[in-house]
Amino acid sequence: MLSLFGTGIGRHIAIGRAVVLGNTERTISRHLLKNDQIDDEISRLRFAVNDAREGLMRLADNLPLNAPPETRAFIDVHLLMLDDPVIATAPINTIREQKKNAEWALKLNAERLITFFEGIEDSYLRSKKNDVIQVVDRILLSLQQTPTEADNRLANDLAGHIVVAADLTPADTVMLRHRHMNGFVTRFGGPISHTAILAKSLRVPAVLGLHGTIDYIRNDDLLVIDGANNTVLVAPDETLLAEFRHRRDQAQARTLSLQSLQKEKAQTQDGRTVRLLANVELPEDLDVLHDAGAEGIGLYRTEFLFMNAHQQPSESEQYSAYCQVLEHSPGPVAIRTLDLGADKQVDGGRSNSQNTVNPALGLRAIRLCLREPDLFKPQLRAIFRAAITGQATIMIPMLSSLSELDQTLMIIDEVKDELSRDGVPFKSDVPIGGMIEVPAAAIAADLFARKLDFLSIGTNDLIQYTLAIDRIDDEVNYLYNPLHPAVLRLIRQIIQAGATAGIPVSMCGEMAGDSDYTRLLLGLGLREFSMECSSLPEIKQRIRESDINAQRATIEKILAASAPSQLDQLIAQLNDGTSD
Ligand code: PEP
Ligand code: MG
């Protein structure tokens, strides 16, 4: 048996036989052409590019109805790539001038483009190399016209199978889910790649970024995906397999039993009430809010309306989207203003021509909005107008200085004045909150708390910036640690700042949806948690089993602990309820 390590998406277990996609390693022929073969070879390449284009268009036309809306946009990006000169014309020149066969010419030019992307500092743009690999693979498949056995099997039902691939496009992920694959593992990809985001929202277990170790997997190998432990087991023995089957069945039974908690209160044993809210990115997230028992939406990531869109959504398009979310929400909705920039670019990053060295530290979120009022003001207008229809609040991302907050509040006042002047109906007293996700804002949280109606802790970025690790770089993923003493101190400080100012503090980063940290966060004073709907029942259960008073001493020990091993032991004690 082998254990392979990558990045687990979700905490689920999947068991199935491997279907290794041909594109984990497509071998290509390389030979020189005679002069009289050149024209035919160019036609062959043109035909293959066209075939790839038609394949993508067919994929777009046949997308399942429940496919996330951005899937279509991902396909469009690949269609655009087919027209890129490096793919559309440079290989033709290579065939003509160097007399290399079509596969070789295509691969040579693609490798140049891939090397170019690999050299880019901007990790978002760097990740675009995967799109090049996927597009080139489509053309190679058509050139070779020799689908592998695995490619054939992909056309059938994949129930009982785990797909193994170099990478999956988001569109492939949706299609394969439609064919009932149990899970997938990939050579490339980090926890917030587009594919990972989709895997989460489609609830497909996956482990990404296995790199070279993926080559140990062969077709039909029995695999176990253990998302929680970032592990793929290859050919486990019967005893281990039985244990994983048992764990998987227990998890499924637990998910079902947790559904009965939908209407129960999120209240601790010692009578503290906690508010549980949902994070929303895609329209289909709205369908599951009620079933999950969410009391409202603690983070509505509005930039998903803009990402991969060909043009900026108009004020009225935004207005409709915000009204739809407000209408479906069981309670208040924290509409986060645009958090574009860094890994989240308008139109999929195609128009981003700057080569920012450190994009996560660059013109992102509120910084970008303040720089571009034409982007910011229509969004604010749409939110204030939509706020008439439900309980909206406005949440500002990535605040780092008070002057930024002052400027934002000024623009908000301007927008309200303009709406009044234009006679447009809107709700004026929408609460304004700020995300505390930059260490500077966390340290000065008391100053922000005095000017805001609520705070929300964005642990994804707070951890990234505090520990100086790029959250989308899978090479430094192992350093991402919510339990780092610096992170815990900052969280406590933010919660205390909110309490002193008498305003609510919630948490909407991934840490809020991880039941390993629920008791710790309750002990630090957190009373509002916002997370993906799928995590909500489990967190509610954990809250209902917790006794905050009884945990105080362990919480103090955790905050004072310095050695990681001691910390792990204390967290285990806290979660087992064996403390104090
Ligand atoms: C965060 O940073 O924790 C957060 C919730 O926002 P995002 O993940 O969208 O940056
Ligand atoms: Mg953030």
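Things worth noting here:
- Failed criterion for Ala468 (all others in (1) on the phi > 0 side of the Ramachandran plot; (2) within 19 Å of the chain's Cα centre (by Cα) hold): (2)
- Meets criteria (under 27 Å from Arg381 (Cβ atoms), within 16 Å of ligand 1 (Cβ to nearest atom) and in contact with a Phe, Trp or Tyr (Cβ under 9 Å, 6 or more places away or on another chain)) for Val430: no
- Out of Glu545, Glu556, Glu528, sole residue that is open to solvent by 20 Å² or more (accessible area, probe 1.4 Å) and without any contact (Cβ under 8 Å) to a residue 24 or more places away in the chain: Glu556
- Any pair with Cβ under 6 angstrom, 6 or more apart, that starts in segment 454-471 at a residue that is more than 19 Å from Arg336 (Cα to Cα) and ends at one that is of a type in the set (Lys, Arg): Gln464/Arg471
So that you can scan it fast, the table gives a plain yes or no per residue for (1) within 30 Å of the chain's Cα centre (by Cα); (2) farther than 19 Å from Thr302 by Cβ; (3) surrounded by 17 or more Cβ atoms within 10 Å (Cβ to Cβ):
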| residue | (1), (2), (3) |
| --- | --- |
| Leu361 | yes, yes, no |
| Cys369 | yes, no, yes |
| Asp374 | yes, no, no |
| Pro378 | yes, no, yes |
| Ile383 | yes, no, yes |
| Ala386 | yes, no, yes |
| Leu399 | yes, no, yes |
| Thr408 | yes, no, yes |
| Val415 | no, no, yes |
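- Subset of segment 453-462 [more than 6 Å from ligand 1 (Cβ to nearest atom) and either modelled with pLDDT under 95 or surrounded by fewer than 23 Cβ atoms within 10 Å (Cβ to Cβ) (or both)]: Asp453, Phe454
- One residue from Arg254, Arg275, Arg245 being more than 30 Å from Phe188 (Cα to Cα), at pLDDT 90 or above and basic (Lys, Arg): Arg275
- Identity of the residue in segment 388-397, open to solvent by 50 Å² or more (accessible area, probe 1.4 Å) and not hydroxyl-bearing (Ser, Thr, Tyr), that ends up nearest to ligand 2 (Cβ to nearest atom): Gln391
- Flag for Leu261 being surrounded by fewer than 16 Cβ atoms within 10 Å (Cβ to Cβ) and hydrophobic (A, V, I, L, M, F, W, C): no
- Qualifying residue in segment 228-244 (condition: under 20 Å from the mean Cα position of the chain (by Cα) and either part of a helix (DSSP H, G or I) or within 16 Å of ligand 2 (Cβ to nearest atom) (or both)): yes
- Helices (runs of 4 or more DSSP H) fully within segment 403-506 counting 3 or more residues that are within 16 Å of ligand 2 (Cβ to nearest atom): 439-443, 459-467, 485-501
The values are calculated or read from the model by the stated rules, or taken from the named source; none is laboratory data. Being a predicted model, the structure only gives us computed values, none of them experimental. All Cβ positions, even for glycine, are placed from backbone atoms using ideal geometry, and neighbour counts span all protein chains on display. SASA here: full protein model, heavy atoms, side chains in, ligands and nucleic acids out. Shrake-Rupley method; radii C 1.70, N 1.55, O 1.52, S 1.80 Å.
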